[in-house]
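Student: This is the structure I want to talk about, given as structure tokens.
The values are calculated or read from the model by the stated rules, or taken from the named source; none is laboratory data. Note that this is a predicted model, so its numbers are computed, not measured. Positions of Cβ are generated from backbone atoms using ideal geometry, with glycine treated the same way; all protein chains shown enter the neighbour counts.
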Amino acid sequence: MSVLIGRDTKLIVQGLTGREGRFHAHACREYGTSVVGGVTPGKGGAVVDGFPIFDTVRQAMSQTGADASLIFVPPLQAAGAIHEAMVAGIGLIVCITEGIPVLDMVRVKRALQDHPACRLVGPNCSGIISPGQAKAGIMPGNIHMPGPVGIVSRSGTLTYEAAAQLSALGIGQSTCIGIGGDPIVGMSHRDALALFEADPDTRAVLMIGEIGGDSEEAAARWAQDHMTKPVAAFIAGRAAPPGRRMGHAGAIIGGNGNGSAAEKMARLREAGITVVDSPAELGVTVARLLEPDQPAAAAAKGRSR
Amino acid sequence: MDIHEYQAKELLRAHGVATAREQLAGSSEEARALAVAYGGRLVLKAQIHAGGRGRAGGVKIAETPDEAARIWSQMMGMTLVTSQTGPAGRRVRRILAAEPVATARAFYLGLTVDRSIGRVVLAASAEGGVEIEEATRSSPGSVWRAEIDPMVGCTPQMAEVLGRGLGLDAGLVETWKAMVVRLYGLFIEKDCSLLEINPLVQTPEGALIALDAKMSFDDNALIRQPEIQCLRDASDDVPQEIEASRLGMSLVKLEGEIGCMVNGAGLAMATMDLIQLCGGRPANFLDVGGGASEDAVRHAFRLLLQDAAVKVILVNIFGGIMRCDAVAAGIVNALRESGARVPVVVRLDGTNRAEGRRILRESGLELVVAETFQEAAERAVSLTTERMRQSPGGTP
């Protein structure tokens, strides 16, 4: 099993006829995802690389039975694309687009309240992969392997790093969810923890956060009361200066040190989460959580990598 | 993007918010003339992109026109170090000259996006001149907040509740309501990320005047805000950072010696963190983009080599869709072209990593190919220590 996506997922790609959309529609299909079509307004009826193109999400859903959408639409149109998919009644939206204006996302967040059955992952994210089953995102499939660890992260390449460290130890992943690096995103760390807690095949969770906001702290508070599975966490940005945006629009330490890595790590530790100090020890730390009796063996294996 | 106080006030006036009489003074003589025009006294305010000016000597009151001219001359060109500028401070290039305003009461009024709830929040307090975070901490009861539903907007009723909470004089409530509603409109129309009037003062005559103002804008939205883009003052920005942003990369200059080149923001931060954990100091944050194309790598080397503080370069690339062999070829080409005079440590992982590392090792270039993330950081730190010992005094 896995969360959010799996073998049965039927994916459409909004913006499939664009360069990025087309490239990744292929990559998702090659990984084994059932990519049933694309949506580009005005290009309905066309067939691109075997993908049928529809004018609207609603048409694509009724023709193909799609239940998830992956969005590669330019930033100023992306909120509209998310809204269209939401109103069409799709269950899962994964928005890869980086650079969506914040106030557009304020309106999207508000509209999501009227569509409680719809889950939005992202924007500005690497997407979702359930190794061995399906991917809806831009991550490389070959660094992943199926297994018991759920990963939730605000960052793309750092998630790849974590997955690769785990895979190198022979530890696979149930699902990896990139929730995105923007200040306002759909799914939160907490939402992802709840999904992993309920997933019978996930035995431990790695939560990757970064400076800015309080998504990790909120997740930790929730985990303290609701999580039975072990959670390890890493917070990127302890070396970051306050007040500067570190690449991601949401990665900025606020006034009075709000959202600093030290602050977050302290809150997470208080909630009983295993905080990893070094980004080189993501894999071995999770290995120890899974096999608490053999910490030395797991650690040694990790160093040999 | 931040704009200066005088620019924010122009926007406020265009949206019906009163300010004192004020304008930029381009010379000491102009400052003297403005003091005369405003009745003898003058407030001179350094225009820099950072708060905390008052305590750092960036806001002064001249009692006479002569003093105004003298203060202008002292202030222009000085470097202001405030709690928000960092140790390098900011050079004063513009001075706003304002008519002094008598104050009966002072308020705080601010709009910002609260990311944890995903809404615009209006905040007000009766302690004008105090930072809102400070007021929230010292007397939480004095801060009034309203979360705004984007489908409804800021209503006059919402503004009224806030105004009454502040204990606003009854005669001012209508002015206040209209002002708050207009400010919300301005915030939305211009894609602001912060709009603060602090203090908003009530004069003894009963007028509401914005005495200081701060506005920041969402970088992601600038593309649809050409008028706001025109307000950019890049004179304080680090040239390397501007260049990186033009190239679609993200660079933040830091204080250390190890130049970092990484793909992806999270991994770039983690790389800085690991350098620090290993006892070194990163010279920068640099995200060349998730894909790490050859072009991006070439530009990134050029940017890092421009920085005299960089003693060692650490390249940490996780090859995904862009395979490691392609990245390695890009690194080799870029390094040959750049004629790098500093040691380079490369850590490549991900798709086709063995082939990528082979290309690096067989390139004939003097670079350290690290097998693991940990090893890369350790080598970069030890090489830096060696270099610093060889040429002491090279950096602070």
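Student: Quick one: which residue in A:Gly259, A:Gly254 is more than 8 Å from every other protein chain (Cβ to nearest Cβ) and under 22 Å from the mean Cα position of the chain (by Cα)? Explain how you work it out, then say what you get.
Tutor: Working: A:Gly254 fails: under 22 Å from the mean Cα position of the chain (by Cα).
Criteria check complete, one pass: A:Gly259.
Student: Counting just the residues of the stretch A:148-197 that are acidic (Asp, Glu) and not in a loop (DSSP other than H, G, I, E, B), which one comes out farthest from the other protein chains (Cβ to nearest Cβ)?
Tutor: Narrowing the stretch A:148-197 to residues acidic (Asp, Glu): A:161, A:182, A:191, A:197.
Now restrict to residues that are not in a loop (DSSP other than H, G, I, E, B): A:161, A:191, A:197.
Working: A:Glu161: 6, A:Asp191: 13, A:Glu197: 22 Å.
Here the answer is A:Glu197.
Student: Filter the stretch B:263-283 down to residues that are buried (at least 24 other Cβ atoms within 10 Å of the Cβ), more than 9 Å from chain A (Cβ to nearest Cβ) and either among the acidic types (Asp, Glu) or closer than 21 Å to A:Phe234 by Cα (or both), then give me how many there are.
Tutor: Qualifying residue count, the stretch B:263-283: 1.
Student: Those residues that are closer than 22 Å to B:Val238 by Cβ, within 13 Å of another protein chain (Cβ to nearest Cβ) and outside any strand (DSSP E or B), I need them from the stretch B:284-295; list them, please. Don't jump to the end; show me each part of the working.
Tutor: So the first thing to find is which residues in the stretch B:284-295 are closer than 22 Å to B:Val238 by Cβ, and the list is B:284-289, B:295.
Applying the additional criterion that residues be within 13 Å of another protein chain (Cβ to nearest Cβ) yields B:284-289.
Those that are closer than 22 Å to B:Val238 by Cβ, within 13 Å of another protein chain (Cβ to nearest Cβ) and outside any strand (DSSP E or B): B:Val288, B:Gly289.
Student: Please enumerate the residues belonging to the stretch A:270-288 that are in a helix (DSSP H, G or I), within 23 Å of the chain's Cα centre (by Cα) and not hydrophobic (A, V, I, L, M, F, W, C).
Tutor: Taking the stretch A:270-288 as the starting set, the residues that turn out to be in a helix (DSSP H, G or I) are A:270, A:279-288.
Those left that are additionally within 23 Å of the chain's Cα centre (by Cα): A:279-287.
Within the stretch A:270-288, A:Pro279, A:Glu281, A:Gly283, A:Thr285 meet the criteria.
Student: Return the residue satisfying two criteria in turn: it lies in the stretch B:77-94 and is modelled with pLDDT under 90 and among the hydroxyl-bearing types (Ser, Thr, Tyr), and of such residues it is nearest to B:His49 (Cα to Cα).
Tutor: B:Thr85
Student: Further question: If you take just the strands (runs of 3 or more DSSP E) that sit entirely in the stretch B:84-188, which of them hold at least 3 residues that are farther than 19 Å from B:Glu5 by Cα and in contact with a strand residue (DSSP E or B) (Cβ under 6 Å, 6 or more places away or on another chain)?
Tutor: Working: elements: B:95-98, B:105-114, B:119-125, B:143-148.
Where strands (runs of 3 or more DSSP E) fall fully within the stretch B:84-188 and carry at least 3 residues being farther than 19 Å from B:Glu5 by Cα and in contact with a strand residue (DSSP E or B) (Cβ under 6 Å, 6 or more places away or on another chain), they are B:105-114, B:119-125, B:143-148.
Here's the yes/no breakdown for (1) free of Cβ contacts under 8 Å to residues at least 40 places away in the same chain; (2) assigned to a loop (DSSP other than H, G, I, E, B); (3) crowded, with 16+ Cβ neighbours inside 10 Å; (4) on the phi < 0 side of the Ramachandran plot:
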residue	(1), (2), (3), (4)
B:Val345	yes, no, yes, yes
B:Asp349	yes, no, yes, yes
B:Gly356	yes, no, yes, yes
B:Leu360	yes, no, yes, yes
B:Ser363	yes, yes, yes, yes
B:Ala376	no, no, yes, yes
B:Thr384	no, no, yes, yes
B:Arg389	yes, no, no, yes
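Student: On to the next question. Restricting to the stretch B:75-110, and then to whatever is within 14 Å of another protein chain (Cβ to nearest Cβ), without any contact (Cβ under 8 Å) to a residue 40 or more places away in the chain and not hydrophobic (A, V, I, L, M, F, W, C), can you tell me which residue is surrounded by the fewest Cβ atoms within 10 Å (Cβ to Cβ)?
Tutor: The extreme case among them is B:Pro87.
Student: Okay, moving on. List the helices (runs of 4 or more DSSP H) inside the stretch B:1-76, counting only whole elements, that have at least 1 residues being aromatic (Phe, Trp, Tyr), farther than 26 Å from A:Arg244 by Cα and modelled with pLDDT of 95 or more. Walk me through it before giving the result.
Tutor: Working: elements: B:5-14, B:28-37, B:65-75.
Result: B:65-75.
Student: Looking at the stretch B:204-220 only, could you name the residues that are in contact with a Cys (Cβ under 8 Å, 6 or more places away or on another chain), more than 19 Å from B:Gly52 (Cβ to Cβ) and either of a type in the set (A, V, I, L, M, F, W, C) or surrounded by fewer than 18 Cβ atoms within 10 Å (Cβ to Cβ) (or both)?
Tutor: Let us first name the residues in the stretch B:204-220 that are in contact with a Cys (Cβ under 8 Å, 6 or more places away or on another chain), namely B:215-218.
Subset that is more than 19 Å from B:Gly52 (Cβ to Cβ): B:217-218.
Of everything in the stretch B:204-220, just one residue is in contact with a Cys (Cβ under 8 Å, 6 or more places away or on another chain), more than 19 Å from B:Gly52 (Cβ to Cβ) and either of a type in the set (A, V, I, L, M, F, W, C) or surrounded by fewer than 18 Cβ atoms within 10 Å (Cβ to Cβ) (or both), namely B:Phe217.
Student: Still on this structure, please answer the following. Kindly establish whether A:Lys109 is surrounded by fewer than 23 Cβ atoms within 10 Å (Cβ to Cβ) and either within 14 Å of chain B (Cβ to nearest Cβ) or of a type in the set (Asp, Glu) (or both).
Tutor: Values: surrounded by fewer than 23 Cβ atoms within 10 Å (Cβ to Cβ): yes; either within 14 Å of chain B (Cβ to nearest Cβ) or of a type in the set (Asp, Glu) (or both): yes.
When the stated conditions are applied, A:Lys109 passes them.
Student: Restrict the check to the stretch A:32-40 and report whether at least one residue is among the hydroxyl-bearing types (Ser, Thr, Tyr), at negative phi and assigned to a strand (DSSP E or B).
Tutor: yes
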